[in-house]
Each structure stands twice: as structure tokens, then as C-alpha cells.
Amino acid sequence: MTLKYPFIPKSTAYLKPGHFWSIPLEKGGFACGRVVELAFDENGKQDSRIFLAGLIDWTDDEPPTTESIANCKFIEQGEVHIKTICENNGEIHGFRSLEEDNLEPQLFLSQAGGGRFCYVQKGYKILRQATAEEQKLYPVLSTWGYGVIKILAEKHLGNKT
């Protein structure tokens, strides 16, 4: 199926890592979120609502384009609900492969507090049990409320446009 851009997704069915969306900023202009990774359950079924998102280091007076976001790196990553896009007046504007920009899911801890059931994961993929040093080094994978990515965009990028 060929997607027509822009569109507002109602589920993750048509999303793939690399899709990007606009995040309108309070003082004008836009920030940009990207789909980092899709979530799957233990049976391999794709979650229809949840995915790993990333805020990239990009702002402009116009919505993001494939060319304008080239080589922009992630500022932060977190798990989001699909409504994050529409609740912030955003829409999917296109697709740019994460590999083109050398982007990938970051390393996270599976839980806070450490202990023997704390794992290092790359995005959603569990890699190994976390060492004491890694438990101090990596953030816990957090689930963001609908407005968190916009709050982060305003904090990191709100005065750049």
C-alpha cells in the first residue's frame, strides 16, 4: 500500500521505523519526532498503539521533510501511545530510513532499582543482565504521556527557530 502524506495515524499498522512527524512549537515553528521501533508481544503480534519514539535535534519554520531532517540525531527516546502524534497536532509527513542517518534504538534498563532482574535492552530487545556499572549508566525505558514529547521539544528546542 502506498501512503499519502501527510496523514494522522489511528494505529501503528502503517508505521515503520523511520516515519517522522511534526510537533508544532508554542512560539511557532516545528520540532520532529521519529518512529524508532515498533513493539511486539511475545507471540510476535505488533502492538497497535505503542511504539518507541525519538525526538530529534531539529527545528524549522516549516514541517519536517525527508531532506530537512537528514543527519539529525536523537535527543531523547521513550515509549509512546499512537495518540501522542494527534494530541500534539502533529501528522506523519514522510519516511526516512533510520540507517541513512546512523540512528538506532538506544540502550535502556528494563527497570529501576537494579537487582538481578534488571536487564540492558536496546530499544525493546533485551540484551543481557545489567551490571552494577550499567545500572548507573543507562536510563530506564520510560513510557511517555501524550504531551511529554512536546514538553521535551519545548525544553530542548523551543528557542531555536
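The values are calculated or read from the model by the stated rules, or taken from the named source; none is laboratory data. What you see is a predicted model; the values in this text were computed from it and never measured. In this analysis, Cβ positions are derived from the backbone assuming ideal geometry, glycine residues included, and neighbour counts consider all displayed protein chains. What goes into the accessible areas is simple: the full protein's heavy atoms, side chains included, and nothing from ligands, DNA or RNA. Shrake-Rupley method; radii C 1.70, N 1.55, O 1.52, S 1.80 Å.
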Quiz item: Mind checking which pairs have a first residue in region 123-139 that is outside any loop (DSSP other than H, G, I, E, B) and a second that is among the basic types (K, R) and open to solvent by 60 Å² or more (accessible area, probe 1.4 Å), Cβ under 8 Å, 6 or more apart or different chains?
Solution: Q129/R116
Quiz item: Within the bounds of region 9-30, is there any residue that is charged (D, E, K, R) and closer than 12 Å to V80 by Cα?
Solution: no
Quiz item: Listed residues F108, F74, F30; which is in contact with a Phe, Trp or Tyr (Cβ under 7 Å, 6 or more places away or on another chain), aromatic (F, W, Y) and at pLDDT 95 or above?
Solution: F108
Practice problem: Please find, within region 105-156, the residue that is surrounded by the fewest Cβ atoms within 10 Å (Cβ to Cβ) out of those that are of a type in the set (S, T, Y) and out of contact with any helix residue (DSSP H, G or I) (no Cβ under 6 Å at 6 or more places or on another chain). | Solution: T143
Quiz item: For A112, which of the numbered conditions (1) outside any loop (DSSP other than H, G, I, E, B); (2) more than 12 Å from the chain's Cα centre (by Cα); (3) of a type in the set (A, V, I, L, M) fails to hold?
Solution: (1)
